[in-house]
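Engineer: First, the structure itself, so that you have it in front of you.
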Amino acid sequence: MLNLEAVSKAIDAPEVRGLIKDLGVPARPSALVDVQAELRRDEPRMHVLAQIVASDVAMSGALLKVANSPWMGLSRRAETIQQAFMLLGAARCEQLLTEIALRNALPAEGPALCRFWDVSSKRSQAMWALAPRVGLPPALAQTVGLFADVGIPLLVKRFTQPSYLDTLAEANRSEHCFTAIEQQRHQTDHAIVGALLARSWGISQTATLAIRLHHDYELLSQSQPEVVADLVALCLVVEHIIQRFQGLNQHNEWNKGGEAAMKVLSLSQGDLESWCDDLFDRFSVED
């Protein structure tokens, strides 16, 4: 049985933290640190948030672009950063800024990583949209969706011989645990790297645990803290829906944990098909 306290301690083990330096895990950008500090105030000041974001030209431009995309569904266009915060809400803007910062900080070259960012974006936005249906906080769910696979681009960059891309292909085909294949070849895996990055970027313990365990489906059949299991289950369901949207009918991860994930979320087959219809429409607008 998984011991979540032991898992949490393992993330902070000295040998694991050494991976931050070895893999070149990027530090949280100062603008994002300042935004998050302001949002933690009892009464965040919108003009201060706007000033912080506007001081970073790349971040402010990207935020307005995303805020005005069809996916966001704003009733009117956000012309300024302050309007974006007012229309979307502080929590949503914080999540979008975190995604923008990750995109700027992590490797993004090559078709494999282009697909990685496409899936990560779809997964994080979909988890935000579906979270209220299963009683999860949207911001928490979106964070897990965004950080679940952020270890992948770092491992692609770090391991060329043997190639981490070859490892990914093997893990996607294998009936064994995804992260076990990575550990066998590289003595680490994308889930632990993602958890390390999340922890270093100030992400909550609940989200960090879900990121670390999102391929450990035995969690779904055990008596564990509900929120972590729900997040892992929702992450898998959304991944399955994205695979179906992309026309990829063979999804080994779903074969391993799909039934348990649906049970944890009390999700019927009819519910799943309804979610697919809703998200397919959203994904089509996004594309």
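The values are calculated or read from the model by the stated rules, or taken from the named source; none is laboratory data. Predicted, not measured: the structure shown is a model, and the values here were computed from it. Here the Cβ positions follow ideal geometry from the backbone for every residue, glycine too, while neighbour counts run over all protein chains shown. All accessible areas refer to the heavy atoms of the entire protein, side chains included, with ligands and DNA or RNA removed. Shrake-Rupley method; radii C 1.70, N 1.55, O 1.52, S 1.80 Å.
Engineer: Looking at this structure, is ALA50 outside any helix (DSSP H, G or I), more than 30 Å from ALA229 (Cα to Cα), open to solvent by less than 20 Å² (accessible area, probe 1.4 Å) and in contact (Cβ under 8 Å) with a residue 12 or more places away in the chain? If you could, list the steps in order and put the result at the bottom.
Structural biologist: Details: outside any helix (DSSP H, G or I): no; more than 30 Å from ALA229 (Cα to Cα): yes; open to solvent by less than 20 Å² (accessible area, probe 1.4 Å): yes; in contact (Cβ under 8 Å) with a residue 12 or more places away in the chain: yes.
So ALA50 does not fit the description; no.
Engineer: Just one of (1) modelled with pLDDT of 85 or more; (2) farther than 26 Å from ALA129 by Cα; (3) not aliphatic (A, V, I, L, M) trips up SER60, so point out which.
Structural biologist: (2)
Engineer: Among the residues of the stretch 205-222, how many are at pLDDT 90 or above and not in a helix (DSSP H, G or I)?
Structural biologist: Final tally of qualifying residues: 4.
Engineer: Let me ask something else. Of everything in the stretch 223-252 that's part of a loop (DSSP other than H, G, I, E, B) and surrounded by 14 or more Cβ atoms within 10 Å (Cβ to Cβ), which residue is modelled with the highest pLDDT? If you could, list the steps in order and put the result at the bottom.
Structural biologist: Our first condition is that a residue be part of a loop (DSSP other than H, G, I, E, B); within the stretch 223-252, this holds for 223-225, 246-251.
Narrowing further to those that are surrounded by 14 or more Cβ atoms within 10 Å (Cβ to Cβ): 224, 251.
Numbers: GLN224: 60, HIS251: 77.
Among them, the one singled out is HIS251.
Engineer: So, in the stretch 126-159, exactly how many residues are under 21 Å from ASP277 (Cβ atoms) and of a type in the set (D, E, K, R)?
Structural biologist: Result for the stretch 126-159: 1.
Engineer: Out of the residues in the stretch 67-94 that are assigned to a helix (DSSP H, G or I) and touching an Asp or Glu at 6+ places or on another chain (Cβ under 8 Å), which is least open to solvent (accessible area, probe 1.4 Å)? Walk me through how you get there before you give the answer.
Structural biologist: Just the residues of the stretch 67-94 that are assigned to a helix (DSSP H, G or I), to begin with: 67, 70-72, 81-88, 90-94.
Now restrict to residues that are touching an Asp or Glu at 6+ places or on another chain (Cβ under 8 Å): 70-71.
Details: PRO70: 91, TRP71: 25 Å².
Top of the filtered list is TRP71.
Engineer: For the stretch 202-222, which residues satisfy the criterion of being within 14 Å of THR143 (Cβ to Cβ) and open to solvent by 20 Å² or more (accessible area, probe 1.4 Å)?
Structural biologist: Applying the first criterion (within 14 Å of THR143 (Cβ to Cβ)) to the stretch 202-222 yields 202-212, 214.
Those that are within 14 Å of THR143 (Cβ to Cβ) and open to solvent by 20 Å² or more (accessible area, probe 1.4 Å): GLY202, ILE203, SER204, GLN205, THR206, ARG212.
Engineer: Now for a different question. Would you check which residues across the stretch 146-192 are part of a loop (DSSP other than H, G, I, E, B) and surrounded by fewer than 15 Cβ atoms within 10 Å (Cβ to Cβ) and list them? Can you show your working first?
Structural biologist: In the first step, residues of the stretch 146-192 are kept if they are part of a loop (DSSP other than H, G, I, E, B); the result is 148-150, 159, 161-162, 174-177, 187-189.
Scanning the stretch 146-192 gives GLN161, PRO162, SER174, GLU175, HIS176, GLN187.
Engineer: Failed condition for GLY135, given (1) open to solvent by 10 Å² or more (accessible area, probe 1.4 Å); (2) at negative phi, with all others met?
Structural biologist: (2)
A quick yes/no check of all residues on (1) modelled with pLDDT of 85 or more; (2) assigned to a loop (DSSP other than H, G, I, E, B); (3) within 23 Å of the chain's Cα centre (by Cα); (4) within 23 Å of LEU97 (Cα to Cα):
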position	(1), (2), (3), (4)
SER8	no, no, yes, no
GLU15	no, no, no, no
GLY18	no, no, yes, no
ASP22	no, no, yes, no
VAL33	yes, no, yes, yes
ALA37	yes, no, yes, yes
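Engineer: Kindly evaluate SER284 against the criterion of being over 16 Å from the mean Cα position of the chain (by Cα), of a type in the set (Gly, Ala, Ser) and in a loop (DSSP other than H, G, I, E, B).
Structural biologist: Numbers: over 16 Å from the mean Cα position of the chain (by Cα): yes; of a type in the set (Gly, Ala, Ser): yes; in a loop (DSSP other than H, G, I, E, B): no.
No.
Okay, residues lined up against (1) in contact with a Leu (Cβ under 7 Å, 6 or more places away or on another chain); (2) at pLDDT below 90:
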site: CYS114; (1), (2): no, yes
site: LEU130; (1), (2): yes, no
site: ARG133; (1), (2): no, no
site: GLN142; (1), (2): no, no
site: PRO162; (1), (2): no, yes
site: ASP166; (1), (2): no, no
site: ALA171; (1), (2): no, no
site: ILE181; (1), (2): no, no
